[in-house]
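No value in this document is a laboratory result; all are computed from the given coordinates. These figures come from a predicted structure and were not determined experimentally. Counting neighbours? That spans all protein chains shown, and the Cβs are built from the backbone with ideal geometry, glycine included.
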Amino acid sequence: MYVYQRLKDTREDADKKQEDIAFVLNITRQQYQLYESGKREMPMHHFITLAKYYNVSLDYLAGLVETPKKLG
């Protein structure tokens, strides 16, 4: 699975809008949309923030595993 698809799926599973996640990352919705569409790579610090926000492991967000693991 591509990272950008996992970002979108995870956001939708949490019933969040792109605006909500952009707010969490302190970026614009347009900038987040570029990450989610695969047109721009998301920096690692944003992945860490989202892993904490969604309470899932980084390997899940990266698409390396199919089942989300809770943090801690």
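In the stretch 7-72, which chymotrypsin sites (Phe, Trp or Tyr not before Pro) are in a loop and have at most 11 other Cβ atoms within 10 Å, using DSSP for the loop call? Write out the running numbers ahead of the final one.
Values: sites: 23, 32, 35, 47, 53, 54, 60; in loops: none.
Sites meeting the loop and neighbour criteria: none at all.
Put simply, the Cα atoms of the chain extend 29, 22, 21 Å along their principal axes, the longest span coming first.
Quote the charge dipole size of the chain about the Cα centre in Debye, to the nearest 20; the model charges only the Cβ of Lys and Arg (+1) and of Asp and Glu (-1).
140
Taking 0.36 nm per residue of sequence separation and removing the Cα-Cα distance, the residue 12/residue 71 pair yields an extension gain of 19.3 nm.
The angle separating the long axis of helix 3-13 from the principal Cα axis of greatest extent in the chain is about 90 degrees.
Working note: Karplus 6.51/-1.76/1.60 with θ = phi - 60° gives the stretch 67-72 the couplings 9, x, 10, 5, 7, x Hz, where Gly and Pro are set to x. Please give the Cα centre distance for the stretch 47-66 versus the stretch 1-35, rounded to the nearest Å. The distance from the Cα centre of the stretch 47-66 to that of the stretch 1-35 comes to 12 Å.
What the phi angles of the stretch 40-48 give under the Karplus curve with 6.51, -1.76 and 1.60, with θ = phi - 60°, is a coupling list of 8, 7, 7, x, 4, 5, 6, 4, 5 Hz, glycine and proline written as x. Taking Cβ atoms as reference points and 12 Å as the exclusive limit, the residues near residue 20 contribute a net charge of +1, counting Lys and Arg as +1 and Asp and Glu as -1. Largest GNM mean-square fluctuation across 51, 14, 62, computed for the chain with C-alpha springs under 10 Å, falls on 14.
At a threshold of 8 angstrom on Cα-Cα distance, excluding pairs fewer than six apart, so keeping six or more, what relative contact order does the chain reach in percent? Present the calculation step by step, with values, prior to reporting the outcome.
Working: 66 pairs, mean separation 23.3, N = 72.
Here the relative contact order equals 32 percent.
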